[in-house]
Amino acid sequence: MLDTDKYKNFDDIKCLWMKCGTVDYRICDNNFDCENCDFDKLIISRFNKKVNVNEEIEMVFDSGYYTVPFSPPHFHFGCGLIVKNFIGNNYYLGLEPFMVKFIDKLSSVNYCAKNGDVGKGEPVLNIRNGWGEVNILSPFGFRFIEKLDLKNICSNGVRWFAIIEAEKREVLRNSINEENFYVKLYETKRFLKESLKTSCAAGTTMYDGGKALENWSDILGKSVYKNLMVKLFT
């Protein structure tokens, strides 16, 4: 048992893995004898799973996750929004499939606009969780015709979340081409690969809570994950 007389405050009895942020809560009960600690051995063994995290990155960037065409009636935008024209100035509004894969499962996704009109540069969606929040800004002005349920927006595949009305010339003028899209794809992948090199949480398990680190905010850490979200959706 831990000899608490040797320690003066809570920080003195924190497990080293708690101090470095790998687990949320763990009090040392082994006199900081890490070499003979079963918990320490379990955590270290999970670092080998970083290979699996890299495999997950490769899978996300597989072509199957971003097969939305780059020709009319589909148009892509640098902020992660996509639209599909179906009649006149009416469009389905959705999110890039590969970007959706990085939204943590428990994140809250909500509409920002209080009325039906959204100007260029104004927020469309707000994504938030314990890591912070990010707003997706509209690359063109439009009017909501119908807002659909956002509950399943993080599921696999293309998720159209609204029907809008917008001027075609504004959609065309602010859309990006396939080359621009792949530049962003490559930059995002490179950012993730570099971030994993310094992320001690990648592939580990929070044993005290019995919960696997499944969300990207757990894998990368909250501050790095927020930077990723900003890169993706701005």
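With respect to Phe98, is the statement that it is on the phi < 0 side of the Ramachandran plot, at pLDDT 90 or above and assigned by TED's automatic domain parsing to the domain that holds Pro139 true? Before the answer, list the steps.
On the way: on the phi < 0 side of the Ramachandran plot: yes; at pLDDT 90 or above: no; assigned by TED's automatic domain parsing to the domain that holds Pro139: yes.
So Phe98 fails the test.
Report, by residue number, each residue of the range 102-132 that is exposed (fewer than 14 other Cβ atoms within 10 Å of the Cβ) and part of a strand (DSSP E or B).
Across the range 102-132, the qualifying residues are Ser108, Asn110, Asp117.
Of (1) in contact (Cβ under 8 Å) with a residue 60 or more places away in the chain; (2) over 16 Å from Met99 (Cα atoms), Arg143 satisfies all except one. Which?
Of (1) in contact (Cβ under 8 Å) with a residue 60 or more places away in the chain; (2) over 16 Å from Met99 (Cα atoms), only one is false for Arg143: (1).
The values are calculated or read from the model by the stated rules, or taken from the named source; none is laboratory data. These figures come from a predicted structure and were not determined experimentally. Ideal geometry is used to build each Cβ from the backbone, glycine not excepted, and the neighbour counts take in all protein chains shown.
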